[in-house]
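Worksheet: the structure to be examined is printed underneath.
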Amino acid sequence: MTSIREYHERTKHSVSSVRSNRHVLEWDIQPVPFKIYTTLDPIPLPRDFGGVQLSALQAVAATAPREPRRAQPDVRTLARLLHFSAGVTRKKTYPGGQTMYFRAAACTGALYHIDLYLVCGDLPDLPAGVYHFGPHDFALRRLRAGDYRGVLVDATAAESSVAAAPATVICTSTFWRNAWKYQARAYRHCFWDSGTILANLLAVAAADGVPARVVLGFVDGMVNALLGLDTEREVSLALVPLGDQPGHPIGTPPPQPPLALATAPLSTREVDYPLIRAAHAASAFSSPADVRAWRAAAIAPRAPAAPAAVALHPLADPPGRALDDVILHRGSSRRFSRRPISFGQLSTALHDASRGVPADFLSQPSASLADCYLIVNAVDGLGAGAYAFDRERGALELLKAGDFRREAGFLDLGQALAADAAVNFYLLTDLDRVFARLGDRGYRAAQLESAIVGGKLYLAAYALGLGATGLTFFDDDVTQFFSPHAAGKGVMFLVAAGVPARSM
Ligand SMILES: Cc1cc2nc3c(=O)[nH]c(=O)nc-3n(C[C@H](O)[C@H](O)[C@H](O)COP(=O)(O)O)c2cc1C
């Protein structure tokens, strides 16, 4: 059996792995970027769901909902949450006639392999059920009628936010929709692309006053069976309980016959990547007792270290651009000018994006598995160089001074974006610590948390009037670049931010 560490090693990019990879994109089997149930009637979601008034920066920084708390989301709130996290927000038709439907959150290759499902009790305007969210027609489809939340309570060993939630969103990935281009590395993208969605979802929930939390500890088979997934191809990744009604016990779920619902084929042929399935199986839980033990090992906050460091200076009066406006108008930068950003902008982005993630694998949001390293190319008020972010002290530790544009432009697989960006944020994790404490399942947590922080950095950059893009990377070269400080750490996520240039 493949261990998750083996998966990580085998899917690292290096100069030689990229050079020797003979993979070519087979355009005739490009998968459809939507899961379409062919026999279920759509239940249209309201499109008059309103905006999200809180400033994007405040929403990104929030680790709990602002008052007033919305204990039970209604359908308009759910429509807002779904739209601003996984909805279609832009459409672009190319000269060949192909139309691309871009989504609220960035996604590797714009392949959109993440689907969202909803499991809820009776809501004021939605009967209890298990639903799939279809971004293509902005509608829910009911897979099961009845209150099945008890299945999630059992699957999570009665995780407290799941047990009190009127509704829970579940992220899944259909591997082929991403593996078509990225092969086995697509398993990492399951978490990267869920992470950007969840960064949006958590921000919108915080702005709307809806309690929300990321739950990664669940018995995989129970959740997958509830959604009727063909687990060779699609699996559940994360649960996000929404709302909080602790005084309303959840009853025993109705019988759960297997589902065999027809869906439109993604392509005429699919290619299987067994390494993905093996990695997922290696990090699966088979009993609530496993889940309980895992949650008991949740990571605690770290004591601040005390190296010589430059304190962050967030802007005293940051831009108040509303979250919905930021999400609707964002788009990954395709080119950066080499113009600088200010140290205030960098500080604000880093400060707000790293306030913490409410998650079951962290004992509190101030704990984290993600260590942020930076290559600063052009920041007024901060020397160019490589830095480590000391999250606990809100300060940057200079690792080496100098112009590292050339190195940055190599580390992202030779793309000009990281060389031209004002700053690159690399999220690394101490994999030995993760495995020692959280076992193989910890890999999912480390990837997802870094991606959520990356998604928050993305949003914060746009909120500050800057551009941003996720980037892929040469794994070991990044670690080596930041070593000895980063020695032994694995690279989870990379975001570049700067002043966008007009595309050529
Ligand atoms: C984790 C991650 C990695 C990405 N890697 C790259 C990359 O290496 N090169 C690139 O040009 N774009 C990259 N992108 C940007 C995607 O191509 C972009 O998000 C997608 O085309 C959707 O467009 P949008 O973000 O403008 O909505 C990445 C995005 C994410 C979320």
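The values are calculated or read from the model by the stated rules, or taken from the named source; none is laboratory data. It should be emphasised that the depicted structure is a prediction, and the values quoted were computed from it without experimental measurement. As a convention, Cβ positions derive from the backbone with ideal geometry for all residues, glycine included, and neighbour counts pool all protein chains shown.
Only strands (runs of 3 or more DSSP E) whose full extent lies in segment 116-193 are considered here, and the ones with at least 3 residues that are hydroxyl-bearing (Ser, Thr, Tyr) and out of contact with any Lys or Arg (no Cβ under 6 Å at 6 or more places or on another chain) are 167-174. For segment 302-319, the criterion of being at pLDDT below 95 and closer than 30 Å to Val223 by Cα is satisfied by no residue at all.
State yes or no: is Ala110 within 16 Å of the ligand (Cβ to nearest atom), touching a strand residue (DSSP E or B) at 6+ places or on another chain (Cβ under 9 Å), among the small types (Gly, Ala, Ser) and more than 21 Å from Pro253 (Cβ to Cβ)? It is true that Ala110 is within 16 Å of the ligand (Cβ to nearest atom), touching a strand residue (DSSP E or B) at 6+ places or on another chain (Cβ under 9 Å), among the small types (Gly, Ala, Ser) and more than 21 Å from Pro253 (Cβ to Cβ). The residue list Pro314, Pro318 contains one member that is without any contact (Cβ under 8 Å) to a residue 60 or more places away in the chain, crowded, with 18+ Cβ neighbours inside 10 Å and not in a helix (DSSP H, G or I), which is Pro314. Among the criteria (1) part of a helix (DSSP H, G or I); (2) surrounded by fewer than 22 Cβ atoms within 10 Å (Cβ to Cβ); (3) not polar (S, T, N, Q), the one Ala419 does not fulfil is (2). Contact annotation: residue pairs with Cβ atoms under 9 Å, 6 or more positions apart or on different chains, pairing a residue in segment 1-22 that is farther than 23 Å from Ala284 by Cβ with a partner that is basic (Lys, Arg) and surrounded by 14 or more Cβ atoms within 10 Å (Cβ to Cβ), are His13/Arg185. Out of Arg334, Arg302, Arg330, Arg339, one residue alone is within 16 Å of the ligand (Cβ to nearest atom), surrounded by fewer than 16 Cβ atoms within 10 Å (Cβ to Cβ) and either under 27 Å from Tyr373 (Cα atoms) or among the aromatic types (Phe, Trp, Tyr) (or both). It is Arg334.
Against the test of being touching a strand residue (DSSP E or B) at 6+ places or on another chain (Cβ under 7 Å), part of a helix (DSSP H, G or I), β-branched (Val, Ile, Thr) and touching a residue at least 60 places away in the same chain (Cβ under 8 Å), the options Val495, Val453 yield a single qualifying residue, Val453. Scanning segment 370-387 for residues that are under 26 Å from the mean Cα position of the chain (by Cα) and in a strand (DSSP E or B) returns Asp371, Cys372, Tyr373, Leu374, Ile375, Val376, Ala386, Tyr387.
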